[in-house]
1. Could you state how much accessible area residue 25 has, in square angstrom rounded to the nearest 10, with a 1.4 Å probe and all protein chains kept in place?
2. Report the relative contact order of segment 102-250, percent, no decimals, based on alpha-carbon pairs under 8 angstrom and at least 6 residues apart.
3. Under 8 Å for C-alpha pairs, at least 6 residues apart: give me the relative contact order for the chain, rounded to a whole percent.
4. Can you compute the charge dipole magnitude of segment 13-153 about its Cα centre, using +1 on each Lys and Arg Cβ and -1 on each Asp and Glu Cβ, nothing else charged? Give it in debye, rounded to the nearest 20.
5. Calculate the FRET efficiency for residue 234 and residue 181 from the Cβ-Cβ distance with a Förster distance of 22 Å, rounded to the nearest 0.05.
6. Once you have the Cα-Cα distance between residue 51 and residue 171, take 0.36 nm times their residue separation minus that, and quote the gain in nm to one decimal.
7. Please tell me which of these pairs span more than 23 angstrom C-alpha to C-alpha: 8/234; 13/209; 8/104; 8/209; 104/234?
8. Show that you can apply the helix-only estimate: for the chain, add -39,500 (n - 2.57) for every DSSP H stretch of four or more residues, divide by all residues, and state [θ] at 222 nm to the nearest 500.
Amino acid sequence: MIAFANQKGGVAKTTTTLNLAVAFHERGHRVLAVDLDPQGNLTMSQGMNPDELEQSMFDVLVRSLPIEEIIHRAEIDVAVSSIDLAGAELALSSMIGRERALQKALLPVRTDYDFILIDTPPSLGLLTINALTASDEVIVPVQCEYLSLRGLVQLQNTLEMIRENLNPSVDIRGILPTMYDNRTLHGREAIEMLRENYGDLVFRTRIRKTIRYAEAPVQGSSVLKYDPTGPAAKAYRDLAKEVLNGATPG
Ligand SMILES: Nc1ncnc2c1ncn2[C@@H]1O[C@H](COP(=O)(O)OP(=O)(O)OP(=O)(O)O)[C@@H](O)[C@H]1O
Ligand SMILES: [Mg+2]
């Protein structure tokens, strides 16, 4: 189980969750992607309209609806979300086991999938804490343009708190440079700075900046389906390879 987290907005969490999920699926793995963001971007990226959903992750987390009932089959299986989910933070906050609601909800489907990938909102609130508590690993996308190492330190502090109190084994699997432009000095410097501070935690795969990533979701598809032979698709296939080398499924 892998969470995609960075409290900074617009760093390609959703893009990475979806395209890595599809890349795993292409390699024959059974994959579930969980949309844990009230914005519902992952849900939309697979061609579904969050406003038309009758039930979503909100009902799973707050009303104990079995997650199977809100899993939609698209390129991959998606546990869908809509704006309702914004109310989950408050509804969960007074519940016993509020940090473990997602972990509990996923238990019955864990063995149906080789990988469960969880997209989180741009905050370190209760939804993200649920994702980090349920996960074995975290992938942290960072935008090379506006690199914020302070933001990464804050995320690491949250993870440390989660390890101490909720999930001793969760760890950063890797930091993924996204929206990389190798033609600019700024882009290259950002990678260098990441490597200096985080060494081998930084994935070798870099996701370059291209409009393809914005075009694909408009068609309700991953970039692997939208432009299967292009460099944007290849980048996420490369990342899948890098993650699978030594990955423990689950
Ligand atoms: N490598 C890339 N190059 C150019 N644009 C990209 C790239 N990756 C993602 N984008 C675009 O940037 C925007 C933000 O990406 P995305 O929604 O994946 O970020 P996010 O971290 O999930 O955002 P949020 O914090 O709001 O959930 C989207 O319009 C997406 O299509
Ligand atoms: Mg997102």
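The values are calculated or read from the model by the stated rules, or taken from the named source; none is laboratory data. In this text, all values refer to a predicted model and were calculated from it rather than measured experimentally. Glycine also receives a Cβ, built like all others from the backbone with ideal geometry; neighbour counts cover every protein chain displayed. Surface areas here come from the heavy atoms of the whole protein model, side chains and all, with no ligands, DNA or RNA. Shrake-Rupley method; radii C 1.70, N 1.55, O 1.52, S 1.80 Å.
1. In the full protein context, residue 25 sits at about 90 Å².
2. In percent, rounded to a whole number, it is 21.
3. Relative contact order of the chain: 27 percent.
4. Charge dipole, segment 13-153, about its Cα centre: 440 debye, nearest 20.
5. 0.80
6. Here the segment from residue 51 to residue 171 would lengthen by 39.8 nm.
7. Result: 8/234; 8/104; 104/234 exceed 23 Å.
8. Theoretical 222 nm ellipticity from helices: -12000 deg cm²/dmol.
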